[in-house]
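These notes are about the structure you will find just below.
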Ligand code: AMP
């Protein structure tokens, strides 16, 4: 299949903001794609060439991209840079410069989807000495054969800014509309089946191929693959214990530990650990791997729990920051494991020796979990829990959790299956803090005076789940220590996309938990709201921008303010 066909679709997608129209455009594309290109097309529609869990990401420094454009068009790097300053968009720059190419290409081939996909995969995986040059060559090779518009989208894909407004929900619906609904499957069933398979496989490319080949039944029978993360179940916020008891008269109540979700896969002697964002962190936690190998008595399983940094003297948690240090660590890992030991508290199991357990009620899953875990204090334990229908007892348990410096409690419906994501009827969380927001930093401002070398105030944004775009809602410049300003500046610098005077705009990657005094309406920000006195609570290294709070949550919090204040 020619890449040109995909580019035509990108353009159509870019020209409409209507969700249903986008869905139909994508469904048509998927349906018309030959089998051998389907996997590639589904991924490229998301602007990626590997599913996220593999850890391989596209990306290239601005200067390298400028070089690739220069090599393939014959313009000098300075000329490319000038055009870039003028347009503020490297994709557009490539398009314009390819149109006005200075050199005649001798061997020009029509770009195929396969060629683009293969080169981009190599860009994402090439590392080590000489990798920068190799990457530049791979991109230049593509741009050399590209038509102007093709060039634009190749550059945008590599830089992770496709801007066609296609979020995961749309891909899911489009797959259902491409292969199931035309065969008479009801919309709701079709979407649910695609969603189920996606939650387990975490790769829409594979889901689409499976859906086309094996239809509805194929999707329903998907089994987890050991070593590949599945999406996780999460809790919704409950206003009060009473409220949950009204819905579920008997509940399982557990400590909500303050650490990191660990999804642990075991296959014989092999163990993998994944975060809730499906990132693999096995290498960073050799101590947890050993503990699981020695004390989880199952040939094959997927279990879940919270790993938190423990103070061996008091048994209480160390600050979350300590755990972040372990997650980010690339060397001296064994020493770190000794310095900052991790306690694992397990709370669920979804797969055991070939059997898929998602549909078993929680109380039965817990029994299975208890059967296979050999507890070792301060290393591996089942989450502390009670089964209760008594408010007083639950409140006491809540206070116990807080006095042990854990975050709060999770109240769980004992009859609930394992449901991916956040849903009523499953898990409820109760914690004491005022509602904070998890926001994405989309820009920042250079400081003044003693802070001149730092980016010292940050433009915050919520997510629009329909378009995948980020809408601004405030500026934050407090709650950070000098060290944190410095650290944040280091994090943001490589993400800078453009500068306007003292303001820089960055790739939306960093998520921060923010407290505030109030939410106000404001035309100054694109969300229509402004946070008053936003303060940094912590950097959410465990969350990605796609998990940040949405515009809907911001609106809801704004509206609920009235009730109390
Ligand atoms: P939140 O990030 O506030 O939505 O809370 C969800 C997270 O709480 C999960 O991803 C877990 O990492 C964590 N957690 C801690 N203890 C538990 C527990 N007992 N059951 C479920 N999740 C827990």
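The values are calculated or read from the model by the stated rules, or taken from the named source; none is laboratory data. The shown structure was predicted, so the numbers you read here are calculated from the model rather than taken from an experiment. Ideal geometry is used to build each Cβ from the backbone, glycine not excepted, and the neighbour counts take in all protein chains shown.
General observations
- Taken over the range 289-307, the criterion of being within 16 Å of the ligand (Cβ to nearest atom) and in contact (Cβ under 8 Å) with a residue 60 or more places away in the chain is satisfied by 302, 303, 304, 305, 306.
- Test set (1) at pLDDT 95 or above; (2) more than 24 Å from residue 409 (Cβ to Cβ); (3) within 16 Å of the ligand (Cβ to nearest atom); (4) touching a helix residue (DSSP H, G or I) at 6+ places or on another chain (Cβ under 6 Å) - residue 255 fails condition number: (2)
- Count of residues meeting criterion [at pLDDT below 90, within 14 Å of the ligand (Cβ to nearest atom) and touching a strand residue (DSSP E or B) at 6+ places or on another chain (Cβ under 7 Å)] in the range 516-542: 3
- Residue count for the range 88-117, restricted to those that are loosely packed, with under 15 Cβ neighbours inside 10 Å and farther than 11 Å from residue 144 by Cα: 5
Every residue, every condition in (1) buried (at least 22 other Cβ atoms within 10 Å of the Cβ); (2) assigned to a strand (DSSP E or B), yes or no:
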site: 381; (1), (2): no, yes
site: 387; (1), (2): no, yes
site: 400; (1), (2): no, no
site: 417; (1), (2): no, no
site: 435; (1), (2): no, no
site: 439; (1), (2): yes, yes
site: 445; (1), (2): no, yes
site: 458; (1), (2): yes, yes
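- Among the residues of the range 488-502, not a single one is more than 18 Å from residue 422 (Cβ to Cβ), assigned by TED's automatic domain parsing to the domain that holds residue 453 and in contact with a helix residue (DSSP H, G or I) (Cβ under 6 Å, 6 or more places away or on another chain).
- Within the range 404-418, if we keep just the residues that are at pLDDT below 95 and more than 10 Å from the ligand (Cβ to nearest atom), the residue that is farthest from residue 553 (Cα to Cα) turns out to be 404.
- Scanning the range 460-514 for residues being assigned to a loop (DSSP other than H, G, I, E, B) and under 18 Å from residue 321 (Cα atoms) gives a total of 4.
- Count of the range 208-244 residues which are in a loop (DSSP other than H, G, I, E, B) and either touching a residue at least 60 places away in the same chain (Cβ under 8 Å) or within 23 Å of the chain's Cα centre (by Cα) (or both): 14
- Any hit, the range 549-564, residues being more than 16 Å from the ligand (Cβ to nearest atom), free of Cβ contacts under 8 Å to residues at least 60 places away in the same chain, closer than 22 Å to residue 163 by Cβ and more than 23 Å from the chain's Cα centre (by Cα): no
- Taken across the range 196-205, residues that are at positive phi and touching a helix residue (DSSP H, G or I) at 6+ places or on another chain (Cβ under 6 Å) do occur, with at least one present.
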